[in-house]
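Peer 1: Sharing a structure here in structure tokens format.
Read-outs: derived from the displayed coordinates by stated rules, not from any lab. Just so we're clear, the structure is a prediction, and the values are computed from it rather than from any experiment. Using ideal geometry, Cβ is built from the backbone for each residue, glycine included, and neighbour counts are taken over all protein chains shown.
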Amino acid sequence: MTSGVPAFSTFLIWNYHKVLEIASLSGPSQSRDTIDLTSHDSVGSFKEYVASVIDGGEISIEGNFIKGDANGQIKFHTDLQAGTKRSCFIVMPMAVGGAWSFEAIASGFETAYPYEEKIGVSGTLKVTGKPVLLTTQSAGMTGLTGHEYDAAVEEAALSITPAIAVGTYAYVCEVTDSDRDGVKLVVTAASHTIYAQGIEEDSGVETPVVIPLGAAGTDTDILILVHETDVAVTKAPRLYTLTVTRPAA
């Protein structure tokens with residue numbers, strides 16, 4: 001009986017933000033160069049080789065073009081034009097508990113407009129250095145609280161549901177007034193590196209800056225990424241989503 005698993009819910013994390021609506025993701029396509037040491041003394045006239053340097057390879061992506069994905073697709077394009085190197089993960093489904101960790105340069109970006117289909121996007125990432133396959137999953141967060149903010153002024157505490165539990169990755173809350181335009185979160189995950197909407201924070205300490213919310217009457221999905229780094233071997237991240245509703249005016 002096969003032990004294979006579906007790839008659905010595999011995500012590309014670019015600079016600690018999820019790239020939205022990727023449909024196909026492959027890589028890294030690693031390869032090792034070889035040096036030909038064949039000589040007239042090679043036994044049986046077989047060629048002889050030794051290993052040389054390794055190329056970390058490329059990542060290929062395809063998906064739906066989302067012009068509002070400011071920190072994902074649009075940032076990827078901006079970083080391509082600037083030549084900016086970023087920290088990246090390919091995070092496999094949470095039930096699998098694996099990931100690739102690497103640094104990369106955006107090396108390709110293209111949009112497509114077939115008349116009978118969606119507006120598509122495709123791109124490539126060039127891995128720089130060694131990509132690391134993480135096969136042990138981080139323990140994950142054990143607490144999530146926070147406050148809503150109105151023009152940088154702290155207001156009521158957030159009422160987040162459901163209760164934090166192992167294996168639960170989606171949480172929701174609603175701010176109490178349409179004027180509340182941001183939140184700060186306290187994520188508890190000892191010995192983990194923590195990012196909330198791309199902002200690094202310490203375990204049990206409130207986000208250093210206010211995370212902005214969308215317009216009144218909309219939902220904002222906040223990505224929380226935690227991965228164990230204060231251990232002998234870095235572990236695969238866990239990804240959580242907190243959906244914050246800002247009521248209509």
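Peer 1: Convert each backbone phi in the stretch 124-132 into a coupling constant with the Karplus relation 6.51 cos²θ - 1.76 cosθ + 1.60 (shift: θ = phi - 60°), then list the ³J(HN,Hα) values in order as whole Hz, x for Gly and Pro.
Peer 2: After applying 6.51 cos²θ - 1.76 cosθ + 1.60, I find 9, 10, 9, 5, 10, x, 8, x, 10 Hz.
Peer 1: Quick check: residue separation of residue 178 and residue 163 times 0.36 nm, minus the Cα distance between them. What number comes out in nm?
Peer 2: Computed gain between residue 178 and residue 163 is 2.9 nm.
Peer 1: Amide H to amide H under 5 Å from residue 128: which residues, 5+ apart in sequence or cross-chain, H placed 1.01 Å off N in plane?
Peer 2: Under 5 Å from the amide H of residue 128 lie the amide H atoms of 103, 104, 105, each far enough along the sequence or on another chain.
Peer 1: Once Lys and Arg get +1 and Asp and Glu get -1 on their Cβ, which of 164, 212, 197 lies farthest toward the positive end of the dipole of the stretch 143-246?
Peer 2: Toward the positive end, the furthest listed residue is 164.
Peer 1: How large are Rg and Dmax for the stretch 66-124 when only the alpha carbon atoms are used, in Å?
Peer 2: 13.8, 39
Peer 1: Cβ under 13 Å from residue 199's Cβ, residue 199 left aside: what net charge do those residues give with Lys, Arg +1 and Asp, Glu -1? Intermediate results must be reported in sequence, preceding the final value.
Peer 2: Details: positive: 184; negative: 200, 201, 202, 206.
Here the count lands on -3.
Peer 1: Can I ask one more? Past 19 Å, Cα to Cα, is the threshold; run 184/235; 75/118; 47/130; 85/126; 126/235 against it and keep the listed order.
Peer 2: Values: 184/235 26 Å; 75/118 21 Å; 47/130 29 Å; 85/126 9 Å; 126/235 23 Å.
From the list (184/235; 75/118; 47/130; 85/126; 126/235), the Cα-Cα distance tops 19 Å for 184/235; 75/118; 47/130; 126/235.
Peer 1: Name the long-range amide H neighbours of residue 139: under 5 Å, sequence gap of 5 or more, or other chain; modelled H, no Pro or chain starts.
Peer 2: Here 228 satisfy the definition.
Peer 1: I would also like to ask the following. Could you give me the ³J(HN,Hα) list for the stretch 146-154, computed from phi with Karplus coefficients 6.51, -1.76, 1.60 and θ = phi - 60°, whole Hz, x at Gly and Pro?
Peer 2: x, 9, 8, 10, 10, 6, 6, 9, 5
Peer 1: Let me ask something else about it. Describe numerically, in nm with one decimal, the distance between label points set 7 Å from Cα along Cα→Cβ at residue 1 and at residue 84.
Peer 2: My value for the distance between the label points is 4.8 nm.
Peer 1: Okay, next question. Per residue, how much space in cubic angstrom lies within the convex hull of the C-alpha atoms of the stretch 16-160?
Peer 2: It is 230 Å³ per residue.
Peer 1: Okay, moving on. Per-residue HN-Hα couplings for the stretch 135-144, Karplus 6.51 cos²θ - 1.76 cosθ + 1.60 at θ = phi - 60°, whole Hz, x for Gly and Pro?
Peer 2: 10, 10, 7, 5, 5, x, 7, 10, x, 8
Peer 1: Further question: Give the span of the stretch 143-246's Cα atoms along each principal axis, as three whole-Å numbers ordered largest to smallest.
Peer 2: 46, 25, 18
Peer 1: From the Cα trace of the stretch 12-53, what convex hull volume per residue do you get, rounded to a whole Å³?
Peer 2: Per residue, the Cα convex hull of the stretch 12-53 comes to 82 Å³.
Peer 1: Still on this structure, I have one more. Once the convex hull of the alpha carbons of the chain is built, what does its volume come to per residue, in cubic angstrom? Can you show the working numbers first?
Peer 2: Values: hull volume 51.2 nm³, N = 249.
Once divided by residue count, the hull of the chain is 206 Å³.
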